[in-house]
Amino acid sequence: MAGRLPNPFPKRAAWQKLLDLDQTERKSKEGVTLRLSRFSPFALDPDNALGGAKFLIDQLRYCGLIPGDRVEEITIEFRQIKTQHKDESGTLVEIFDTASSERA
């Protein structure tokens, strides 16, 4: 008997129910701004950097941290910040309510 392919959608954990409550509140607002900050000693071309973010954005949507990835639901900001050492490399993901004055 052939093995089964893994389900592309992760199983829902109990903690995700809390995210669902937040998601319900967020849907009533105008949308969210997703800011992705890439820290690295070298910069990528913008099209390569944003294309590489698709998987991350989809996962944020699947787990309910963002309402969706359609133009009406999200604004995406992307920044590249140069670091001195490879050890300082990483990605910072920030999610803001569009109507919030908390954004910097």
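Please give the contour-minus-distance gain from R79 to F39: 0.36 nm per residue of separation, less the Cα-Cα distance, rounded to one decimal in nm.
Contour length minus Cα-Cα distance gives 13.5 nm.
For Q80, list long-range residues whose amide hydrogen, built 1.01 Å from N in the peptide plane, is under 5 Å from its own amide hydrogen.
It is R38, by chain and number.
G31's amide H: which non-local residues (gap 5+, or another chain) put their own amide H closer than 5 Å, with H modeled 1.01 Å from N in plane and none for Pro or chain starts?
Sorted by chain and number, the residues that satisfy this are T98, A99.
Which order do peptides 80-93, 57-70 fall in by mean Cβ count within 10 Å, highest first?
Order by mean packing, descending: 57-70, 80-93.
Using +1 at the Cβ of each Lys and Arg and -1 at the Cβ of each Asp and Glu in the stretch 29-97, identify which of T33, A49, L65 lies farthest towards the dipole's positive end.
The residue sitting most towards the positive pole is A49.
Using 0.36 nm times the number of residues separating I95 and N48, minus their current alpha carbon distance, what extension gain do you get?
Numbers: separation 47, 0.36 × 47 = 16.92 nm, distance 2.16 nm.
The span from I95 to N48 would gain 14.8 nm if fully extended.
Throughout, read-outs are computed from the coordinates displayed, never taken from laboratory work. Computed from a prediction, not measured in an experiment: that's the story for all the values here. Because the Cβ atoms are built from the backbone with ideal geometry, glycine has one as well, and the counts that use them run over all protein chains shown.
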